[in-house]
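See structure below.
The values are calculated or read from the model by the stated rules, or taken from the named source; none is laboratory data. Being a predicted model, the structure only gives us computed values, none of them experimental. Every residue, glycine among them, receives a Cβ derived from its backbone with ideal geometry; neighbour counts consider all protein chains shown. Heavy atoms of the whole protein, side chains included, go into the accessibility calculation; ligands, DNA and RNA do not. Shrake-Rupley method; radii C 1.70, N 1.55, O 1.52, S 1.80 Å.
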Amino acid sequence: MGSDKEQGVLVTGGAGFIGSHTVVELLERNVPVIVIDNMTNATASKDEEELPPVLQRIKKIVNPQQGEKLHFIKGSFGDVELLEKIFTKYAISAVIHFGGFKAVGESKELPMMYYSNNVGGTLKLIQSMQKHNVTNMIFSSSATVYSAPGPDDLPLSEKSLTGSCTCPYASTKFFIENILRDLCYADKNWTVISLRYFNPVGAHASGEIGEDPKGIPNNLMPFIAQVAVKRREHLNIYGNDYQTKDGTGVRDYVHVVDLAKGHTAALDVLPKKNGFHTYNLGTGIGTSVLEMLKYFGEVVGRELPYKICDRRPGDLAVMYCDASLAEKELGWTATKSVKEMCEDLWKFQSKNPNGYLP
Ligand code: UD1
């Protein structure tokens, strides 16, 4: 109020998969966005001076006036000096915090890097926010915070047991949630909404933006998409001897655009809420690896090759959520089917067989 600073929402990790789709939703609602991303896990432009390809493409999706509301700052969300500049220049109404390392296997090899970046960086972000009286945050959490569910524990609700995480990556999400909960308890000015994503897949319907993992994809759908464009020979299916409908793992896949809309829904309710809140974002529907492969093959128009391998250590048989709390309190439900997830992913992958760079 009374400030002539430009207002906006700060989006950490805004050049990443879920971040970029959320930036589109924000701009389409005419919300100015300040993206901070150090580009360690996103594709940078060859020319340092240029916007990262994903942000250039976002400008193609939204209208020119909305595109002007997009600002990019290259840097880390835990860089206090940079945050100082950002909070001084812009009137930030809320922070949507996607930034962080996210590879399960890597986190087991380099736990300190994960704790330092994800947890340490978030502490610095919180302290900078506090200094500038920015006390609204939407945190990018994960279904991985839940303790391994038995068959009677499904679907997972926000009240299900958390902790006992199986890797440092998951622990960082769990620890950050706890830090934010304690913060909100101690300081009643804070409102934090932590969104626990199930399995985000798909791409924007334009085919302009999508998931562009560096190296060999860890997750199922980007791997299948690379098999479809023949960058990979076949899919390795990690086990077909689980207690599931066809023996392969079952997950709650959710379209990334639905997920992105979960963030704008959360942003809308932030001013009406206080304290710390968690919500599951998923469809509540479980789909197996073989089913996903079949659906994707149908979209591509041919059967995709696979081999059955050993189970991946740490994998669970079945995960799916009860997303009714998000519906009740955020007015959010996933609307897109598994077929649409496959269609949109294929649109992006076939238009961009090698990702953002030719
Ligand atoms: C993984 C991460 C989780 C993270 C989530 C993000 C692990 C152990 N867990 O969960 O922490 O939050 O991604 O979406 O990595 N599969 C194959 N072949 C592949 C890849 C996957 O068969 O090449 C199977 C898996 O065994 C699983 C299913 O596909 O049954 C989904 O795997 P994935 O996409 O990696 O997601 P999650 O295991 O649910």
- Determine whether region 225-242 contains at least one residue that is open to solvent by 20 Å² or more (accessible area, probe 1.4 Å), more than 15 Å from the ligand (Cβ to nearest atom) and at negative phi. yes
- Task: Output the number of the condition that residue 24 fails; it satisfies all remaining conditions of (1) closer than 19 Å to residue 117 by Cβ; (2) open to solvent by less than 40 Å² (accessible area, probe 1.4 Å).
- Result: (1)
- Note on the structure: Within region 86-132, the residues that are under 18 Å from residue 9 (Cα atoms), part of a helix (DSSP H, G or I) and aliphatic (A, V, I, L, M) are 86, 125, 126, 129
- Out of all the residues in region 192-205, which are within 12 Å of the ligand (Cβ to nearest atom) and within 19 Å of residue 267 (Cα to Cα)? 196, 197
- Got a sec? Which of 177, 208 is more than 12 Å from the ligand (Cβ to nearest atom), open to solvent by 10 Å² or more (accessible area, probe 1.4 Å) and either modelled with pLDDT of 95 or more or in contact with a Gly (Cβ under 6 Å, 6 or more places away or on another chain) (or both)? 208
- residue 42, sole failed condition from (1) under 21 Å from residue 207 (Cβ atoms); (2) modelled with pLDDT under 95; (3) surrounded by fewer than 16 Cβ atoms within 10 Å (Cβ to Cβ): (3)
- Query: Within region 243-265, how many residues turn out to be within 12 Å of the ligand (Cβ to nearest atom), open to solvent by less than 10 Å² (accessible area, probe 1.4 Å) and of a type in the set (Asp, Glu)?
  - Reply: 1
- Item | Unique residue being within 16 Å of the ligand (Cβ to nearest atom), open to solvent by 10 Å² or more (accessible area, probe 1.4 Å) and touching a Pro at 6+ places or on another chain (Cβ under 7 Å) when the list is 155, 111, 149 | 111
- Message: Which pairs turn up if I take residues in region 300-328 that are within 10 Å of the ligand (Cβ to nearest atom) and look for partners that are open to solvent by 60 Å² or more (accessible area, probe 1.4 Å) and acidic (Asp, Glu) with beta carbon separation below 8 Å, at least 6 apart in sequence or on another chain?
- Response: 311/241
- Query: Assuming residue 194 fulfils every condition listed in (1) closer than 22 Å to residue 98 by Cα; (2) open to solvent by 30 Å² or more (accessible area, probe 1.4 Å) apart from one, which condition is it?
  - Reply: (2)
